[in-house]
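Here the structure is laid out as structure tokens; the discussion comes afterwards.
The values are calculated or read from the model by the stated rules, or taken from the named source; none is laboratory data. The model shown is predicted, which means the values in this text are computed figures rather than measured ones. For neighbour counting, all protein chains shown are included, and Cβ atoms are generated from backbone atoms with ideal geometry for every residue, glycine included. Just the protein is used for accessible areas: all its heavy atoms, side chains included, with ligands, DNA and RNA removed. Shrake-Rupley method; radii C 1.70, N 1.55, O 1.52, S 1.80 Å.
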Amino acid sequence: IQTGVQLRINGNDKFKKGMHKQALEMYMQGCVGFELYCATNAQDQGMLDEVHVQVRKNTQAAALKTRDFTICIESCDKVLEMEPGDTKSLFRRALAHWRLGDCEKASEDLEQILRMRVTDYDKVQDSAQSKRAARKLLRQIEASEERAEIIEARMAKALSRAGASAEEPPAPRHEAP
């Protein structure tokens with residue numbers, strides 16, 4: 001646990017300095033340790049899992065900064081296995097999926113955030129912020145899909161024109177006498 005915590009602290013320091021790639025490497029080293037180690041009792045395993053989740057969330061943030069979207073998705077998946085419904089991980093996974101061009105998976109995660117019901121008073125503020133961010137990103141995804149459809153339609157139209165003009169014989173030229 002101490003090694004993982006120290007890697008997280010060192011990674012946080014690198015992250016704050018804008019050294020995101022180095023931070024990501026430190027966080028990932030910590031994650032490997034947490035994956036390999038199992039505690040001997042439930043209390044220690046609970047502490048281990050808690051720190052592992054924190055390191056995984058830091059990994060997500062660093063991976064987004066370095067554009068390592070598959071690493072981000074993997075870390076989000078791990079956190080969601082340990083803490084189903086974690087809105088931060090759902091949002092980050094949606095963002096990573098979107099950046100990889102998978103708008104459908106991104107939208108599914110965002111819609112899951114929007115469907116969540118919060119009964120814990122202490123989590124209401126976080127939930128409201130998560131839902132606002134999810135709605136905003138969902139609108140961006142929809143706008144990007146609409147732009148892509150417009151571009152595809154224009155390209156198809158241009159290609160059909162180019163194909164039609166290639167099939168037509170050239171107009172006869174009239175030479176001056």
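Grab the DSSP H runs of the chain that are 4 residues or longer, score each as -39,500 (n - 2.57), total them, divide by all residues and round the 222 nm result to the nearest 500 deg cm²/dmol.
Values: 7 runs with 140 residues, N = 177.
Computed mean residue ellipticity for the chain: -27000 deg cm²/dmol.
Across segment 48-99 the C-alpha pair distances fall into 5 Å bins from zero in the proportions 5, 27, 36, 22, 8, 2, 0 percent.
Using heavy atoms of the protein chains and a probe of 1.4 Å, the accessible area assigned to R132 is about 130 Å².
Using heavy atoms of the protein chains and a probe of 1.4 Å, the accessible area assigned to Y37 is about 120 Å².
Solvent-accessible area of H20, all protein chains in place: 40 Å² (probe radius 1.4 Å, heavy atoms, ligands and nucleic acids excluded). Ranked from largest to smallest solvent-accessible area, with a 1.4 Å probe on the protein heavy atoms, F15, F69 come out as F15, F69. Compared with the alpha-carbon gap, the fully stretched path from K123 to Q140 is longer by 3.5 nm at 0.36 nm per residue.
Checking the Cα-Cα distances for K16/K136; K65/K157; K65/K131; K57/K136; K17/K105 against a 28 Å cut-off, the pairs over it are K65/K157; K17/K105. Volume per residue of the convex hull around the Cα atoms, evaluated for segment 93-148, comes out as 63 Å³. When the residues I71, I1 are ordered by accessible surface, computed with a 1.4 Å probe over the protein chains alone, the sequence from largest down reads I1, I71. Each of K65 and Q2 was given a label point 7 Å from its Cα along the Cα-to-Cβ line. The distance between the two points is 2.7 nm. Shape index of the chain: Rg/Rh, with Rg the Cα radius of gyration and Rh the Kirkwood radius from the inverse mean 1/r over Cα pairs, equals 1.27.
Kirkwood hydrodynamic radius (Cα pairs, Å) of segment 1-102? If you can, show how the numbers build up before the last one.
Values: mean 1/r = 0.0740 Å⁻¹.
That comes to 13.5 Å for segment 1-102.
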